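**Q** Sharing a structure, written as structure tokens. Questions coming.
The values are calculated or read from the model by the stated rules, or taken from the named source; none is laboratory data. None of these values were measured; they are calculated from a predicted model. Cβ: placed from backbone, ideal geometry, glycine included. Neighbour counts: every protein chain shown.
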Amino acid sequence: MAAQGLSVFAIKPSSSATKNQFCRKPLEQFLCFNLSNSFVGTKLSVQPLSFGVISSKRRSFTVATVSFSLPTTKTGRINSDKKPKFSARSIKSFAMGELEARKLKYPSTGTEALLMGILVEGTSLAAKFLRENGITLFKVREEIVNLLGRSDMYFFSPEHPPLTEPAQRALDWAVEEKLKSGENGEITTTHLLLGLWSEKESAAHRILSSFGFDDEKAKELAKNMDKDIILSFK
């Protein structure tokens, strides 16, 4: 059987209308290549595809990805109707924590990965508080490697590395603390960070302590526990 080849030639507009169509900005249209077999060989058809369609598809795919990365808790005594929801920033922090665990090729998502997730998300009040106190993503990642080591280069983490027991207890602490406060609203990234701090024997607690984070700073951060961000119009 003869091998099939594909040749691409420059396409010249045949009319002024077609010229205007091909003179659009790159971000305003994409080219969709469609290969189809015919009696004489392989044909190449080029069709413009609007950027709006692509952006909407990309947006729906992102939402679907995050929805499968929702943090789950094991507080069985809490009714599902009364259980508060996680904020958008805390959900993103959780998803980024899973991703950081996969980057380091760890088999599970531990407290150290959730701490990195908070810093990767970066826009929450908790993340800003950490950076103001000299706790950055690069420092934390380096400390994690020094503390836990590197995984085997041939090991591949699962798509959603399961939570370790300390990480699960940290999430449960965040939910229970929100219920104790009696305040309306969502579980913020600050709840998540303080939940990590509550696990005294966890890797996240040891890493935070090594950078000078202590109970006094935890109390200072807890003053704005129900806020993920403070807007300033100065």
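**Q** Output the number of residues of region 59-115 satisfying the condition of being over 21 Å from Gly195 (Cβ atoms) and either in a helix (DSSP H, G or I) or at pLDDT below 65 (or both).
**A** Total meeting the criteria: 12.
**Q** Has region 169-181 got at least one residue that is closer than 20 Å to Ala95 by Cα, crowded, with 16+ Cβ neighbours inside 10 Å and among the basic types (Lys, Arg)?
**A** For region 169-181, residues closer than 20 Å to Ala95 by Cα, crowded, with 16+ Cβ neighbours inside 10 Å and among the basic types (Lys, Arg): present.
**Q** Quick one: would you say Gly149 is exposed (fewer than 14 other Cβ atoms within 10 Å of the Cβ), out of contact with any helix residue (DSSP H, G or I) (no Cβ under 8 Å at 6 or more places or on another chain), among the small types (Gly, Ala, Ser) and over 22 Å from Asp228 (Cβ atoms)?
**A** When the stated conditions are applied, Gly149 passes them.
**Q** Of all residues in region 116-163 being among the small types (Gly, Ala, Ser) and outside any helix (DSSP H, G or I), which is nearest to Met96 (Cα to Cα)?
**A** That would be Gly122.
**Q** Taking region 198-221, which residues are of a type in the set (Lys, Arg) and within 24 Å of the chain's Cα centre (by Cα)?
**A** Passing the criteria: only Arg206.
**Q** Quick check on region 182-195: of everything there that is outside any loop (DSSP other than H, G, I, E, B) and over 18 Å from the mean Cα position of the chain (by Cα), which residue is surrounded by the most Cβ atoms within 10 Å (Cβ to Cβ)?
**A** Gly195
**Q** Check Glu199, Glu159 and return the single one that is under 14 Å from Thr109 (Cβ atoms) and at pLDDT 95 or above.
**A** When all the criteria are applied, what remains is Glu199.
**Q** Here's something else I'd like to know. Could you tell me which numbered condition Asp215 fails, if it satisfies all but one of (1) within 21 Å of Tyr106 (Cα to Cα); (2) loosely packed, with under 13 Cβ neighbours inside 10 Å?
**A** Going through (1) within 21 Å of Tyr106 (Cα to Cα); (2) loosely packed, with under 13 Cβ neighbours inside 10 Å one by one, Asp215 breaks only (1).
**Q** Filter region 83-139 down to the residues that are in contact with a strand residue (DSSP E or B) (Cβ under 7 Å, 6 or more places away or on another chain), under 18 Å from Asn224 (Cα atoms) and of a type in the set (S, T, N, Q), then identify the one that is surrounded by the fewest Cβ atoms within 10 Å (Cβ to Cβ).
**A** Ranking the candidates gives Ser87 first.
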